[in-house]
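One structure below.
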Amino acid sequence: MKKFVIQVVVIALLAYMLELFLPWWSVAIAAVFGGLFLRSDANFWAGFCGIGALWFSAAVIIDLTSSGNLAEKVAAIMHINETLLIIVTTLIGALVGGMASYTGSLVTRKKAPTSG
Amino acid sequence: MKFFLSLFGTLALILFLDRSWTVGYTRIPPLGKFLDPLNGFWQNAEPRNHIGPEDLRVNGLKQRVIVQYDSLLIPHIFAADEEDLYIAQGFVTAQHRLWQMEFQVMAAAGRLSSILGPGPENAFIEYDRRQRRLGLPFAAQNAADMMVKDPVQKRMLERYTDGINRYINSLRYKDLPLEYKLMDYEPEPWTVLKCGLLLKSMAQTLNMGDKDIEMTNALKLFGKEMVDLLYPDPDCDIDPIVNNPGGWNFDAVNLADVPPALPEGLVGIDPMPKYDPDVGSNNWAVSGSRTATGAPILCNDPHLDTSLPSIWYAVHLNGPGVNVMGVSIPGAPGVIIGFNDSIAWGVTNAQRDLVDWYKITYQNERREHYLLDGEWRPTEKKIEEIVVRGGATVYDTVIYTHWGPVPYDRNFRGDEGLNDYAFRWIAHDPSKEATTFYKLNRAKNYSDFMEALDHYASPAQNFVFASVSGDIAIRIQGKFPARRKDEGKFVLDGSKSSNGWTAFIPFEQNIMEKNPSRGFVSSANQYPVDSTYPYFITATEFEAYRNRRINNVLRRLNSVTVTDMMRLQNDNYNLHAAETLPFLLNQLAIDTAALRDEGPEGIALIKAYHKLATWDYFNDKDSEGASYFQAWWDDFYPRLWDEMLSHPVSLARPSEYNTVKLLKENRISMFYDVQSTETRESLRDLVRTSFATSVARIEKWKEDRELKRVRWADYKDTYVRHLARIEALGYHVQHGGVGNAVNASDRLKGPSWRMIVSLEKTGIKAYGVYPGGQSGNPGSYHYSDMLEAWANGRYYRLAFPKRPEEMQLYLFYETDLNPREKEN
């Protein structure tokens, strides 16, 4: 469990830092890294939760501190409501994160026998 | 194996979420990229007090430029160097309005389909073709070529362009305006040509009005006498802009008295959509002799589309030899309407026919030569390349003659190739308006103002002027062809060069007036001058109501205050209704007793009648009479002129003013019959049917909305819409007024900038408001922060300091723009 929590936190932090310089898909790099080097029992869920939590909290903080009702407007453009927009945002990040960390964890497994 | 599957799945997912998809005509933004809270659209959401950086490095600056934003986010730019001033203006404007600037240029240039795709039924491609065929890029190129010949203009435009490009180059995906992210594209570099395109796009909105095709058809169907009755010149000459009988003491240009020749046959063209004649404006200046402070007051409110991001961008420019404030057009340097320490100026559109159509006779099908004065002249073929996003590039060949491009032909809205018409438009000619604004921004007095206008050709405007030294003036400035009587009203034979514009009115013979004895000057798009002016003047339509209301109020007022002027700009008195409604009610001759027996429908008619009969003719927000009148007129007017609307060739309706006049004089009874019915209608039938239909429509309206009353603000439903028509980015506003009132607010257009300037010797006091906000970002508080004040007739006092230190009271935040290599 502890391992999993560390994995989630590292993925989230690393993704945050990479996103300062790189496009959105850099979250996948962070998740691959987390899956590759910080293996746990639930590698998919680690990336899923790590990126999901990052995107969820960033979206919520922006939504709460901004004043132009932008999320509401964009939700209206997409014919959904604001809450659903935050959920969709979170899920997209989470899904990419989960698949990437899972992919990363598969690399380690394959490499394990040759290196040791 | 599992690894490869997983890797493949992840990459596919990323690729899928990194690109946009079109479903039908809707483009879905790239979902991963767009929804990412750290780089996507969420980054465009700004806190209420979002402030920019304290320092920025901007390439090309010579010295530090101080930019102070006030609480409305209006930038006050202080530069020690003139070139730096325009770099900063370009940079700051782009920072708030980049997407809008570029989108407007793309629309003007006929390049919308490269962003939006072909559109439903190829609507965007057709739009682009229209722009190309009207020669908008051709006009802009001519303007740009001329602009860079003048060193001062060249410097101003190039530095402004540099400023915009510095900003564009500093952008990452994260910083892009929302609309780029939504539509999934990126800004291009800015160019001087794009400034030219914006100018010509303005000319298209304001100076492309014409109904020559419709008039030609009317002439052939109804005859000259009827045309003169239905479409007289002038339509309404009461209260012209300048009334100076016998005061035109100059030698007018003498034109050969050859009547212009008309080509044969009806014109079977389906004309391109027209700009609404209601796009107009008000401006006036009151002399110090009539004001409470003894200082002149100048007012201006241009009526344009009420759109977001707002048409105007307010700015204060302070540099060597200049301290000017007002509104600019995002994408063009300088201030367009505003004031400086010594003078103020404003504009309304000069209604004038500046368009003509010339029938072209080609030598043969190849269209390589056309007939002119008995000779075959070569044409020039221009192949327009229209890039279509997600589709094949469209090529459209446009033929150019010495008259101009030939927009209508066998490939475009023409009738079997029989109707090739070349388009002569004043805005195709090279001109140098940027010089005018450069000089106006720096003008100190009346003679500077006049000199600045000597460089101005298009779009023709009524320039109002006032100075701290006490002068007021108005000048109708533009390049106007000197016309023979009736020239310009109909299409012309393009095989004779004598049908062309052989001479222009010398600028010093344009209509103007300085310090008139009545103590004010004013304009509201009406007929410009008294009957002794020696040139023939015609236009698609002249305004006939706002001008009279403004002048009536100004004549009555004494010791005029700024508050009086605010009240006048927001005046909702509907003179058109006042002159029309009593006549209609009289014709209606309602029989209350009989109606009472007709059940709910009859009762509704009685109630509507009472609301109309007791209405005070003010289109105020709460007025119900205003709604009933508008609904009635909107039904009656087309019903009366159904002959024009239902005819297979294109015809124009007589103006509202002339319609009412002719009705009262009982001179158009031959038009009362409704073509689509068996019976022969009288005027009373028309009035009654339209009344009953409009009341039924309002009843339905109330029922649909579950409302008991039909308030004017609800019925009109002022809508400030987004430039790209994105519904969620627009606002419905409660606002009074109507096109014919001084507060000329219709559903989609209205006063786009209300400005009042009191030119006091102790310092200029200026007030302004516009329907929107300084920021073009829908995620900013300042996207629409002035909207409510605008709708309620309130103003902001504009901070106008001479030095940065004087900004304290108004300062929101400051950003210093620094040269890239800082001196140590």
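See the values below:
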{"quantity": "Order by protection proxy (mean Cβ within 10 Å, highest first), peptides B:550-557, B:189-196", "calculated": "B:189-196, B:550-557"}
{"quantity": "Percentage relative contact order, chain A, counting C-alpha pairs under 8 Å, at least six apart", "calculated": "36"}
{"quantity": "Theoretical FRET efficiency, 1/(1+(r/R0)^6), r = Cβ-Cβ of B:Arg794 and B:Asn411, R0 51 Å, to 0.05", "calculated": "0.50"}
{"quantity": "Relative contact order of chain B, pairs being alpha-carbon contacts under 8 Å that are 6 or more residues apart, as %", "calculated": "20"}
{"quantity": "Largest-first principal axis extents of the Cα set of the protein assembly as shown (Å)", "calculated": "105, 76, 66"}
{"quantity": "Stretchable slack from B:Asp717 to B:Ser531, in nm (0.36 nm times residue separation minus alpha-carbon distance)", "calculated": "62.9 nm"}
{"quantity": "Approximate spin-label separation B:Lys664-B:Lys496, in nm, with each point projected 7 Å along Cα-to-Cβ", "calculated": "4.0"}
{"quantity": "Under 5 Å, built H, 5+ apart or other chain: amide partners of B:Lys749", "calculated": "B:Thr306"}
{"quantity": "Peptide ranges B:801-812, B:79-90 listed from the most packed, as the mean C-beta count within 10 angstrom indicates", "calculated": "B:79-90, B:801-812"}
{"quantity": "Debye intensity ratio I(q)/I(0), log10, chain A, q values 0.12, 0.18 Å⁻¹ (C-alpha model)", "calculated": "-0.45, -0.84"}
{"quantity": "Under 30 Å from the Cα of B:Lys149 - lysines, other chains or at least 8 residues apart", "calculated": "B:Lys62, B:Lys194, B:Lys200, B:Lys381, B:Lys382, B:Lys432, B:Lys439, B:Lys444, B:Lys479"}
{"quantity": "Calculated over chain B: convex hull of Cα atoms, volume per residue (Å³)", "calculated": "203"}
{"quantity": "Averaged over B:46-53, number of beta-carbon atoms from partner chains that fall within 10 Å", "calculated": "3"}
{"quantity": "Protection-proxy order for peptides B:314-325, B:507-518, each taking the mean of Cβ atoms within 10 Å per residue, highest first", "calculated": "B:314-325, B:507-518"}
{"quantity": "Under the span-like rule (Cα at least 27 Å along the axis, Kyte-Doolittle mean at least -1.0), DSSP H helices of chain B", "calculated": "B:82-109, B:683-705"}
{"quantity": "FRET efficiency, B:Arg803 to B:Trp701 (Cβ-Cβ, R0 41 Å, nearest 0.05)", "calculated": "0.15"}
{"quantity": "Total charge dipole magnitude, the protein assembly as shown, about the Cα centre, Cβ charges on Lys, Arg, Asp, Glu only, Debye to nearest 20", "calculated": "2380"}
{"quantity": "18 Å cut-off, amide nitrogen to a point 7 angstrom out along B:Val152 Cα→Cβ, residues in segment B:77-97", "calculated": "B:81-87"}
{"quantity": "Residue among A:Leu84, A:Leu106, A:Leu13 with the largest mean-square fluctuation in a Gaussian network model of chain A, springs linking Cα atoms under 10 Å", "calculated": "A:Leu84"}
{"quantity": "For B:Tyr767, net neighbour charge (Lys/Arg +1, Asp/Glu -1) across residues whose Cβ lies under 15 Å away", "calculated": "+1"}
{"quantity": "Average other protein chain Cβ within 10 Å of Cβ, residues B:2-9", "calculated": "5"}
{"quantity": "Under-5 Å amide H pairs with B:Ile343, H placed in peptide plane, nonlocal only", "calculated": "B:Val468"}
{"quantity": "Distance in nm between pseudo-label sites at A:Ser57 and B:Ser559 (7 Å out along the Cβ direction from Cα)", "calculated": "6.6"}
{"quantity": "Net dipole in debye of chain B [+1 Lys, Arg Cβ; -1 Asp, Glu Cβ; about Cα centre; nearest 20]", "calculated": "1280"}
{"quantity": "For residues of A:21-29, the mean tally of beta carbons on other chains within 10 Å", "calculated": "6"}
{"quantity": "Spatially proximal aspartates and glutamates relative to B:Lys485 (Cα-Cα < 12 Å; intrachain offsets below 8 disregarded)", "calculated": "B:Asp233, B:Asp257"}
{"quantity": "Segment B:4-83-segment B:699-753 distance, computed between alpha-carbon centres (Å)", "calculated": "32"}
{"quantity": "Extension gain (nm, one decimal) between B:Glu508 and B:Glu188, 0.36 nm per residue minus Cα-Cα", "calculated": "111.0 nm"}
{"quantity": "When the convex hull of its Cα atoms is projected in every direction, mean area for segment B:271-366 (nm²)", "calculated": "11.8"}
{"quantity": "Partner lysines for B:Lys765 [C-alpha distance under 16 Å; skip if fewer than 8 residues away on the same chain]", "calculated": "B:Lys802"}
{"quantity": "Computed FRET value (nearest 0.05) for B:Asp591 with B:Thr762, which takes r as the C-beta separation and R₀ as 56 Å", "calculated": "0.30"}
{"quantity": "Gain upon complete extension [B:Lys382, B:Asp673; 0.36 nm per residue less C-alpha separation]", "calculated": "100.0 nm"}
{"quantity": "Charge dipole (segment B:69-127, unit charges on Cβ, about Cα centre) - positive-most of B:Leu116, B:Met101, B:Leu72", "calculated": "B:Leu116"}
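Each reported figure results from applying straightforward, stated rules to the coordinates on display, with no laboratory input. Predicted, not measured: the structure shown is a model, and the values here were computed from it. Cβ sites come from the backbone with ideal geometry, for glycine too, and all protein chains shown count toward neighbours.
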